[in-house]
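Following: one structure in C-alpha cells, then a few remarks.
The values are calculated or read from the model by the stated rules, or taken from the named source; none is laboratory data. Model, not experiment: these values are computed from the prediction. Virtual Cβ from ideal backbone geometry, glycine too; neighbours counted across all protein chains shown. Ligands, DNA and RNA are stripped out before the accessible areas are found, and what is left, the full protein with its side chains, is counted by its heavy atoms. Shrake-Rupley method; radii C 1.70, N 1.55, O 1.52, S 1.80 Å.
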2 protein chains.
Amino acid sequence: MNATLEKVFEAYIKEELFTKWWCRGKKMKVYHFDCKDGGSWHIAEQSEDGNEYEFTGCFHEVAKDRRIVQTFEFLGMPERGHVMLEKIEFVAVDEHTTEIRTHSTAMNQLDRDGMIASGMESGWRQSIEALGKLLESDN
Amino acid sequence: MNATLEKVFEAYIKEELFTKWWCRGKKMKVYHFDCKDGGSWHIAEQSEDGNEYEFTGCFHEVAKDRRIVQTFEFLGMPERGHVMLEKIEFVAVDEHTTEIRTHSTAMNQLDRDGMIASGMESGWRQSIEALGKLLESDN
C-alpha cells in the first residue's frame, strides 16, 4: 500500500475510515464497531438491490501500528458457527509503503473451501483497491 | 459430563462457577470475564509457587445451552500473536448427561505443536475432572 504505516493502520481501526473501503467501497451499515482489545464489530454490506450481507466478529488484539487479531463470520449462512480467525500484520517497507499481511484460518476444510467459493478473493481485491484510493485521496 | 445441559453450560459462562474448575481447579485471578457475544476475558492461573500464568481471549458467540466460540491465547509466550480459535458445543445425551465437544484450531502447525507440547491435554483433563466434581457437588 502506498501510504505510511500509521495511515494504513488508521484506515483499519477508525470507523469513519474503515466504512469507506472494507465493503469493496460499497455502502456499509454499522451495527457496532469497537476496534480495541476485547472489542467486537457487526456490520452489513448494503447492495444496490437493497439486500444486506451481515458480518460479525470480535477483536482479540489490536496492537497499534503492528497487528490486529480478530474473528470473522458471515451471518448469511444457514446456521451460525462457521467462524474464521484472522491475523493482519502491518509492516513498514519504507517511509511511504506499507505491507499488509492477512492470514485467515478456517476451522475445517469445508469452511475454507466455502469461503474461497464465495468469491472472497475478488471481493477482497476490490476492498484493497478501495483502500488504496482512500489513502491516495488523503495525501 | 453427568449433569444437565443447562448446568454444564452455566459452569462455562458464570464467573463464580467458571473460576472453580477452568484452571484445573487451582486458584484463578480474574482480570475480567464478560462471557457474552462480543465480550472478552483475561484470567491468570496462580500456581503454588506464586507464579501467574495469564490467558486471554474474546467471545465471538455465546449461544445459550448450545455453543461458545472464542479465541484463546497464553500470554507467557516470548511474543503475542499465537492465538487459537475454539468452538465448544454442548449436546444433551439424555436428561442427566451432557456431551462437551471442544474443537481448537491453531493458525499454523508450530502453534499447534507448541500447544500440545505445553501439556495442554493433561491440563485440560484435570480441568474437566474439576468440572465434574463441581457439578457433582452441586447435585
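With all protein chains kept in place, the per residue accessible area of chain A amounts to 54 square angstrom at a probe of 1.4 angstrom.
At a 1.4 Å probe radius, carbon and sulfur cover how many percent of the accessible area of the stretch B:5-138?
Result for the stretch B:5-138: 49 percent of the exposed heavy-atom area is carbon or sulfur.
Position A:Y53: other-copy label points at 4.3 nm, ordered by increasing distance, label point 7 Å along Cα→C-beta.
Take the Cα of A:Y31, step 7 Å toward its Cβ, do the same at B:S127, and the gap between the two points is 2.8 nm.
Across chain A, the relative contact order, built from alpha-carbon pairs under 8 Å that are at least six residues apart, equals 25 percent.
Each Lys and Arg adds +1 at its Cβ and each Asp and Glu adds -1 at its Cβ; summed about the Cα centre, the stretch A:5-138 shows a dipole of about 60 debye.
Remark: label point of A:L110 defined 7 Å out from Cα along the Cα-Cβ vector; separations to the same position in other copies 3.2 nm, ascending. Other protein chain C-beta atoms within 10 Å of residue C-beta, averaged over B:73-81: 2. Distances, shortest first, from the label point of B:S137 to those at the same position in the other copies read 6.1 nm; the point lies 7 Å along Cα to C-beta.
Rounded to the nearest 100, the interface formed by chains A and B buries 2000 square angstrom of accessible surface, both chains summed, with a 1.4 Å probe. Could you tell me which of the pairs B:K36/B:K133; B:K7/B:K27; A:K64/B:K27; B:K20/B:K87; B:K26/B:K64; A:K20/B:K87 are separated by over 30 angstrom between their Cα atoms in the structure shown? Distance filter (> 30 Å) returns A:K64/B:K27; A:K20/B:K87.
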